[in-house]
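The values are calculated or read from the model by the stated rules, or taken from the named source; none is laboratory data. Here the structure is a predicted model, which means the values were calculated and not measured. Quick reminder, even Gly has a Cβ in these numbers, built from the backbone with ideal geometry, and neighbours come from all protein chains shown.
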Amino acid sequence: MDKTTVQVHTPFTLTHDNGSVEHFGVGKHEIEAGLAEHWYVRLHTGDKPGSQLESGGAGGGAEMSAELRTELDRASAELRAEAEQIDSERATLNGREAALKQLANDLDEREKALDARQAGLNAREVAIAEAAAATRGDPQQPPVQDGGSQPPKKSQPKQ
(Lines give C-alpha, C1' and ligand atoms only; values in the text may rest on other atoms or scores of the structure.)
Protein backbone atom coordinates (compact mmCIF):
# COMPACT_ATOMS: atom_id res chain seq x y z
CA MET A 1 0.00 0.00 0.00
CA ASP A 2 1.04 3.59 -0.68
CA LYS A 3 2.06 5.72 2.25
CA THR A 4 1.57 9.47 2.59
CA THR A 5 2.62 12.04 5.15
CA VAL A 6 -0.02 14.10 6.96
CA GLN A 7 0.34 17.02 9.33
CA VAL A 8 -1.90 16.61 12.41
CA HIS A 9 -2.93 19.97 13.88
CA THR A 10 -5.29 18.57 16.54
CA PRO A 11 -4.56 15.30 18.37
CA PHE A 12 -7.15 12.56 17.85
CA THR A 13 -7.83 8.87 18.29
CA LEU A 14 -9.03 6.76 15.36
CA THR A 15 -10.80 3.43 15.77
CA HIS A 16 -10.20 1.28 12.67
CA ASP A 17 -12.82 -1.00 11.11
CA ASN A 18 -11.16 -4.03 12.76
CA GLY A 19 -11.55 -2.41 16.22
CA SER A 20 -7.93 -1.44 16.69
CA VAL A 21 -7.31 2.04 18.11
CA GLU A 22 -4.60 4.39 16.87
CA HIS A 23 -3.61 7.67 18.58
CA PHE A 24 -2.26 10.60 16.56
CA GLY A 25 -0.49 13.47 18.27
CA VAL A 26 0.30 16.87 16.82
CA GLY A 27 2.96 16.69 14.11
CA LYS A 28 3.82 14.73 10.96
CA HIS A 29 2.70 11.13 10.58
CA GLU A 30 3.20 8.66 7.75
CA ILE A 31 0.00 6.72 7.12
CA GLU A 32 -1.64 4.74 4.32
CA ALA A 33 -3.00 6.91 1.49
CA GLY A 34 -6.53 5.49 1.87
CA LEU A 35 -6.55 6.29 5.58
CA ALA A 36 -5.42 9.84 4.87
CA GLU A 37 -8.67 10.36 2.89
CA HIS A 38 -10.88 9.26 5.80
CA TRP A 39 -13.17 12.14 6.84
CA TYR A 40 -12.13 12.00 10.50
CA VAL A 41 -8.44 12.03 9.65
CA ARG A 42 -8.93 14.93 7.22
CA LEU A 43 -10.78 16.85 9.94
CA HIS A 44 -7.67 16.76 12.15
CA THR A 45 -4.95 17.05 9.53
CA GLY A 46 -3.74 19.64 7.06
CA ASP A 47 -3.37 23.32 7.77
CA LYS A 48 -5.19 24.85 10.70
CA PRO A 49 -8.13 27.05 9.72
CA GLY A 50 -6.83 30.46 8.67
CA SER A 51 -3.29 29.20 8.03
CA GLN A 52 -3.82 29.27 4.26
CA LEU A 53 -3.82 33.06 4.43
CA GLU A 54 -0.61 33.01 6.44
CA SER A 55 1.22 30.38 4.43
CA GLY A 56 0.13 31.44 0.96
CA GLY A 57 -2.74 29.00 0.46
CA ALA A 58 -2.98 25.32 -0.24
CA GLY A 59 -1.40 24.24 -3.51
CA GLY A 60 -1.46 27.70 -5.11
CA GLY A 61 1.61 29.11 -3.43
CA ALA A 62 2.38 32.73 -4.21
CA GLU A 63 -0.36 32.95 -6.86
CA MET A 64 -3.04 32.09 -4.33
CA SER A 65 -1.51 34.44 -1.80
CA ALA A 66 -1.50 37.33 -4.29
CA GLU A 67 -5.10 36.57 -5.25
CA LEU A 68 -6.18 36.45 -1.61
CA ARG A 69 -4.23 39.62 -0.84
CA THR A 70 -5.96 41.43 -3.74
CA GLU A 71 -9.37 40.30 -2.52
CA LEU A 72 -8.53 41.28 1.03
CA ASP A 73 -7.32 44.73 -0.09
CA ARG A 74 -10.50 45.26 -2.13
CA ALA A 75 -12.72 44.27 0.79
CA SER A 76 -10.71 46.47 3.13
CA ALA A 77 -11.08 49.46 0.80
CA GLU A 78 -14.85 48.89 0.63
CA LEU A 79 -15.05 48.78 4.41
CA ARG A 80 -13.04 52.00 4.75
CA ALA A 81 -15.32 53.74 2.23
CA GLU A 82 -18.42 52.58 4.10
CA ALA A 83 -16.91 53.66 7.43
CA GLU A 84 -16.21 57.12 6.00
CA GLN A 85 -19.78 57.34 4.71
CA ILE A 86 -21.13 56.30 8.11
CA ASP A 87 -18.94 58.90 9.84
CA SER A 88 -20.18 61.56 7.44
CA GLU A 89 -23.82 60.61 8.02
CA ARG A 90 -23.22 60.51 11.78
CA ALA A 91 -21.82 64.06 11.66
CA THR A 92 -24.84 65.20 9.63
CA LEU A 93 -27.21 63.60 12.12
CA ASN A 94 -25.37 65.15 15.06
CA GLY A 95 -25.72 68.56 13.39
CA ARG A 96 -29.43 68.01 12.82
CA GLU A 97 -29.87 66.87 16.40
CA ALA A 98 -28.20 70.04 17.67
CA ALA A 99 -30.39 72.17 15.39
CA LEU A 100 -33.52 70.39 16.63
CA LYS A 101 -32.50 70.96 20.24
CA GLN A 102 -31.97 74.65 19.50
CA LEU A 103 -35.38 74.87 17.80
CA ALA A 104 -37.00 73.15 20.80
CA ASN A 105 -35.33 75.65 23.15
CA ASP A 106 -36.44 78.55 20.96
CA LEU A 107 -39.99 77.19 20.93
CA ASP A 108 -39.99 76.88 24.73
CA GLU A 109 -38.82 80.49 25.06
CA ARG A 110 -41.47 81.66 22.62
CA GLU A 111 -44.15 79.76 24.52
CA LYS A 112 -43.03 81.40 27.78
CA ALA A 113 -43.15 84.82 26.11
CA LEU A 114 -46.65 84.13 24.77
CA ASP A 115 -47.81 83.00 28.21
CA ALA A 116 -46.40 86.20 29.74
CA ARG A 117 -48.10 88.29 27.04
CA GLN A 118 -51.41 86.51 27.62
CA ALA A 119 -51.11 87.13 31.36
CA GLY A 120 -50.46 90.81 30.64
CA LEU A 121 -53.48 91.00 28.33
CA ASN A 122 -55.67 89.30 30.93
CA ALA A 123 -54.53 91.80 33.58
CA ARG A 124 -55.22 94.69 31.18
CA GLU A 125 -58.73 93.40 30.43
CA VAL A 126 -59.46 93.15 34.16
CA ALA A 127 -58.20 96.70 34.68
CA ILE A 128 -60.34 98.01 31.80
CA ALA A 129 -63.42 96.20 33.14
CA GLU A 130 -62.83 97.59 36.62
CA ALA A 131 -62.37 101.09 35.20
CA ALA A 132 -65.57 100.78 33.18
CA ALA A 133 -67.46 99.60 36.26
CA ALA A 134 -66.09 102.54 38.26
CA THR A 135 -67.20 105.09 35.64
CA ARG A 136 -70.72 103.66 35.80
CA GLY A 137 -70.66 104.18 39.53
CA ASP A 138 -70.85 100.51 40.34
CA PRO A 139 -67.47 99.57 41.89
CA GLN A 140 -68.73 96.20 43.08
CA GLN A 141 -70.16 95.15 39.72
CA PRO A 142 -68.11 92.42 38.02
CA PRO A 143 -67.33 92.80 34.33
CA VAL A 144 -69.95 91.58 31.86
CA GLN A 145 -69.06 88.06 30.77
CA ASP A 146 -72.07 87.08 28.65
CA GLY A 147 -71.59 89.66 25.93
CA GLY A 148 -74.59 91.76 27.07
CA SER A 149 -74.38 95.53 26.95
CA GLN A 150 -75.91 96.23 30.38
CA PRO A 151 -75.12 94.63 33.69
CA PRO A 152 -78.13 93.20 35.56
CA LYS A 153 -79.92 95.70 37.79
CA LYS A 154 -79.75 95.48 41.55
CA SER A 155 -82.92 95.04 43.49
CA GLN A 156 -83.81 97.94 45.75
CA PRO A 157 -84.20 97.17 49.45
CA LYS A 158 -87.79 97.67 50.75
CA GLN A 159 -88.46 100.12 53.52
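So which of 78, 111, 71, 67 ends up being modelled with pLDDT under 90 and either more than 30 Å from residue 5 (Cα to Cα) or in a loop (DSSP other than H, G, I, E, B) (or both)? Before the answer, list the steps.
Working: 78 fails: modelled with pLDDT under 90; 111 fails: modelled with pLDDT under 90; 67 fails: either more than 30 Å from residue 5 (Cα to Cα) or in a loop (DSSP other than H, G, I, E, B) (or both).
Answer to the check: 71.
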### Task
Under 8 Å between Cβ atoms, at least 6 apart or on separate chains: pull out the pairs that start in region 29-58 with a residue that is under 17 Å from residue 70 (Cα atoms) and end on any residue that is surrounded by fewer than 11 Cβ atoms within 10 Å (Cβ to Cβ) and at pLDDT below 65.
56/62
### Summary
Subset of region 4-32, residues more than 52 Å from the chain's Cα centre (by Cα) and surrounded by 11 or more Cβ atoms within 10 Å (Cβ to Cβ), comes to 4, 22, 31, 32
